[in-house]
Amino acid sequence: MVWRAGSLLGLATALALAAGSLAGAQQKTEVRVGVLAYLGPDEAASAWEPTLAQLNAALPAYRFTMVAGSQAFLTAAVAAHRLDFLITNPGHFLELKVDYSASALATEQDLDGFSSSESVGAAIVVLDRRAELQHPADLRGLKIAAAAPDAFGFRAAFGELLERGLDPLKDVNPVFTGFPVDGVLTMVRAGQADAGVIRSCLLEKVIAEGRAGAQEFRVLGRKTGNGAKCQVSTRLYPGWAFVKVAQTPKPLADEVARVLLAMQPGAGEKVWNQPDDYLSVQDLYRSLHVGPYAPFTRLGIADLLWRYRYLAAVVGMAALWWVAYVIRVAQLVRRRTRELAEAYELARLKDVKFEHAMRLSLMGEMASSLAHEINQPLAAILTYARGCERRLEHGADPQGLREAIGRIAIQAERAGDIVRRMRDFVQKNPARQAPMEPAAVFREALALFAPTAASRDLAVEADIPEELPLVRADRVQLEEVILNLLQNALEAIGERADGKIRFAATQEGATIVAAVSDNGPGLTQEARNRLFEAFFTSKSGGLGLGLSLSRSIVEAHGGRLGADEQASPGATFRFYLPIIEEDVRV
Ligand code: ADP
């Protein structure tokens, strides 16, 4: 804008003049007074020159010079400590008060206007012929012209609209003409805007100067009863402020305030009164969220962070704590997972060792009877071998010898079979499940147990079909389960003369059921409750592992193992294995 450049020039000239005079004889201290010049520097000079002249006259030690400029220019000058005082409108003063600790020394009163605390307002004007526009609320959705978004009159008018339920940002369309304010009236007159916002008393002034017809414009929502000489649409706010900034020396400020309040104004000049508290302006700006109450638009991130530094610190600490917490939880989860995996591996190894121990224990119990069984073929071999010897001594024929040697070979194979079965069983074979025909496995297990039973004058009664559907199983483990159940049955019978053990296998639907029954004393209540607990035993030399391991073996085969609830006399243990579809045998 032209006048703004002009004001800069003005400032430069004033500064140059000031510097020149300082170099001269008069040793006056220069005091720079910023003046808000929204109508241009000339208008500002004519309005405020009398005030500066009186200050210069009353305080000869100082030389008061005027620096006219826009609101933004003056704010920048305050920030750069280039000004000692300012004369500015209430809104600008409020911003300086909040941002730069400025304070008001006096409040202006227009002698033509009202009191100093009710000095400035705004008029919302429409063309008189627009009969449909009677109240400010009628402006909903219409165009409103104003000089600038930060013009105090515009803000006052918008505060008024807000109070009447119109949201200035959504419900009306503002258009800005720039200064001077007369442009607003021009726009309304041309129909480019439906209404215009102007400073109070401007309309009267324009009419008095003949620049507008007396009946041309009408003021909307006119406030009465405030003794106003001019028509206003808004409440009235305090007049302009004479402001001192934070670094202005206090003695100088005190002297200036004294002179201002004692000033005797000439006709048409301003008068200065005690400073107003400007609370009404503060309320207005707060309700409009503008000026110092619009931090997100006015302040940078750094300012914002500084302003809310305590909150930011708390939020930052909370975020840090949260990140630390998440890292810690992740660490704990990783550690626990590792520990679990280790514990699981340990348990698995323990199970493998226990299973091996059970096999050894079973073998231990079966060893003497197995030795007895091996003894039989060995004795037979010995007999045949001696016979061969005798025959050779007596010149026997080779045909007779061949038959005897053949028998020796058969007996040796039998003994070898027994040893192989023992070795297979005792060796810690890793579990290898494969499809197999269960009847054969059952018979093999019974054959393994037969010598043990025979040593006690018992024969296991077996009821096994010729062939059963396939199951997926580990042969050795399955034999182990059966041997364990048979051994338990044998131990339950003890020394009874009429002891009987029965093994029965059958197909029931999609499962193979195998049952081992005895006619021993049966299960005690305690044994029934704790049967499958590891280390539960009622026997003096028992390990208490047989049933718990047998159950985990059967479950690893997808089956289940349990004791019949009612089995009298004696006990019946039964296990189930699922049948598979494949017809692949090993
Ligand atoms: P152990 O044979 O080493 O004691 P088991 O786990 O095989 O370990 O058996 C646990 C307990 O269950 C036995 O001590 C016994 O009290 C009871 N039990 C198992 N089988 C029978 C049975 N056929 N008759 C009566 N009690 C039994």
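The values are calculated or read from the model by the stated rules, or taken from the named source; none is laboratory data. Here the structure is a predicted model, which is why all the values come from computation and not from measurement. Using ideal geometry, Cβ is built from the backbone for each residue, glycine included, and neighbour counts are taken over all protein chains shown. Ligands, DNA and RNA are excluded from the accessible area calculation, which covers all protein heavy atoms including side chains. Shrake-Rupley method; radii C 1.70, N 1.55, O 1.52, S 1.80 Å.
Remarks
- Applying a threshold of 6 Å to beta carbon distances and a minimum spacing of six or more residues, or different chains, the list of pairs starting in segment 482-503 at a residue that is over 15 Å from residue 448 (Cβ atoms) and ending at one that is assigned to a helix (DSSP H, G or I) and within 12 Å of the ligand (Cβ to nearest atom) reads 499/493.
- Members of segment 469-490 found to be within 9 Å of the ligand (Cβ to nearest atom) and either of a type in the set (Val, Ile, Thr) or surrounded by 24 or more Cβ atoms within 10 Å (Cβ to Cβ) (or both), listed by number: 485, 489
- Test for residue 419: is it among the β-branched types (Val, Ile, Thr), open to solvent by 10 Å² or more (accessible area, probe 1.4 Å) and more than 16 Å from the ligand (Cβ to nearest atom): yes
- Qualifying residue in segment 456-463 (condition: of a type outside the set (D, E, K, R), over 30 Å from residue 558 (Cβ atoms), in contact with a strand residue (DSSP E or B) (Cβ under 9 Å, 6 or more places away or on another chain) and within 16 Å of the ligand (Cβ to nearest atom)): yes
- Within segment 491-505, the residues that satisfy the criterion of being more than 9 Å from the ligand (Cβ to nearest atom) and open to solvent by 40 Å² or more (accessible area, probe 1.4 Å) are 495, 496, 497, 498, 500, 502.
- Residue 444 vs. criteria modelled with pLDDT of 80 or more and open to solvent by 50 Å² or more (accessible area, probe 1.4 Å): yes
- Evaluation of residue 544 against (1) of a type outside the set (S, T, N, Q); (2) more than 7 Å from the ligand (Cβ to nearest atom); (3) free of Cβ contacts under 8 Å to residues at least 40 places away in the same chain (one fails), failing number: (2)
- Within segment 3-23, not a single residue is modelled with pLDDT of 85 or more, out of contact with any strand residue (DSSP E or B) (no Cβ under 6 Å at 6 or more places or on another chain), small (Gly, Ala, Ser) and surrounded by fewer than 21 Cβ atoms within 10 Å (Cβ to Cβ).
- Answer from 355, 365, 373, 339 - the residue that is of a type in the set (D, E, K, R) and modelled with pLDDT of 85 or more: 339
- Number of the condition not met by residue 508 [criteria: (1) under 18 Å from residue 487 (Cα atoms); (2) open to solvent by 20 Å² or more (accessible area, probe 1.4 Å)]: (1)
- When segment 511-533 is filtered for residues that are away from the ligand (no atom under 15 Å from the Cβ) and surrounded by fewer than 19 Cβ atoms within 10 Å (Cβ to Cβ), the ones remaining, listed by number, are 511, 513.
- Pick from segment 154-190, criterion in a loop (DSSP other than H, G, I, E, B) and free of Cβ contacts under 8 Å to residues at least 12 places away in the same chain, ranking: least open to solvent (accessible area, probe 1.4 Å): 167
- Residue pairs meeting the criteria (Cβ under 7 Å; at least 6 apart or on separate chains; first over 16 Å from residue 174 (Cβ atoms), in segment 125-142; second basic (Lys, Arg) and open to solvent by less than 60 Å² (accessible area, probe 1.4 Å)): 128/218
- Within segment 550-563, considering residues that are free of Cβ contacts under 8 Å to residues at least 24 places away in the same chain and farther than 16 Å from residue 530 by Cβ, the one surrounded by the most Cβ atoms within 10 Å (Cβ to Cβ): 560
- Count of segment 47-91 residues which are within 60 Å of the chain's Cα centre (by Cα) and not in a helix (DSSP H, G or I): 16
- Any hit, segment 236-246, residues being surrounded by fewer than 18 Cβ atoms within 10 Å (Cβ to Cβ) and without any contact (Cβ under 8 Å) to a residue 24 or more places away in the chain: no
- Consider segment 208-227 and keep the residues that are in contact with an Asp or Glu (Cβ under 8 Å, 6 or more places away or on another chain) and not in a strand (DSSP E or B). The one that is most open to solvent (accessible area, probe 1.4 Å) is 215.
- Selection within segment 247-283 - open to solvent by less than 10 Å² (accessible area, probe 1.4 Å) and farther than 23 Å from residue 59 by Cα: 278, 281
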